[in-house]
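Inspection log for the structure reproduced underneath, given as structure tokens.
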Amino acid sequence: MDEYGFPFEQFDFIAQYRNQELLRPIVTNSVLTIPVKGKTKKYEIKDPYQFVELLANSQRVQEVFMRHLFRFFMGRNERLSDSQTIIAMNTAYESEGSLKSAVKSLLLSNTYTQRRL
């Protein structure tokens with residue numbers, strides 16, 4: 001198990017909570033080294049909830065999610081020329097805090113309305 005998996009050890013293979021395995025306590029502590037803007041930062045994670053919160057607040061995770069959202073709606077991978085559309089999606093999401101606003105930004109963009117089939 002690697003450091004990204006340790007926080008989830010308190011759940012068994014069918015996602016039921018457990019606090020011990022083979023009569024030994026489960027260890028969920030982990031130290032994650034995550035690259036942030038060219039530098040690495042260490043985070044001490046005590047449980048999966050803290051790990052999920054770290055991911056939910058990550059700018060990088062949001063950017064990757066917007067890229068996948070773009071791919072889903074466009075039916076193709078993004079190109080360099082699509083970067084402004086994806087930036088606009090990120091901006092719409094950040095300003096309104098809504099997935100709906102990010103999708104609306106994409107659907108109203110020239111990338112979507114003037115696409116070639």
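Residue by residue, here is whether (1) farther than 26 Å from ALA102 by Cβ; (2) at pLDDT 90 or above; (3) among the small types (Gly, Ala, Ser); (4) surrounded by 12 or more Cβ atoms within 10 Å (Cβ to Cβ) holds:
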| site | (1), (2), (3), (4) |
| --- | --- |
| TYR43 | yes, no, no, yes |
| ALA56 | no, no, yes, no |
| ARG60 | no, no, no, yes |
| ARG71 | no, yes, no, yes |
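In the condition set (1) exposed (fewer than 14 other Cβ atoms within 10 Å of the Cβ); (2) closer than 15 Å to TYR4 by Cα, GLY38 is compliant with all but (2). The set of residues from segment 73-98 being among the aliphatic types (A, V, I, L, M) and either on the phi > 0 side of the Ramachandran plot or surrounded by 14 or more Cβ atoms within 10 Å (Cβ to Cβ) (or both) comprises MET74, ILE86, ALA88, MET89, ALA92. Taking residues in segment 28-42 that are closer than 13 Å to GLN59 by Cβ, and partners anywhere that are of a type in the set (A, V, I, L, M) and part of a strand (DSSP E or B), the pairs with Cβ atoms closer than 8 Å and at least 6 places apart or on different chains are LYS41/ILE34.
The values are calculated or read from the model by the stated rules, or taken from the named source; none is laboratory data. Given the structure is predicted, the values throughout are model-derived calculations rather than measurements. Here Cβ is always computed from backbone atoms with ideal geometry, including for glycine, and neighbour counts include all displayed protein chains.
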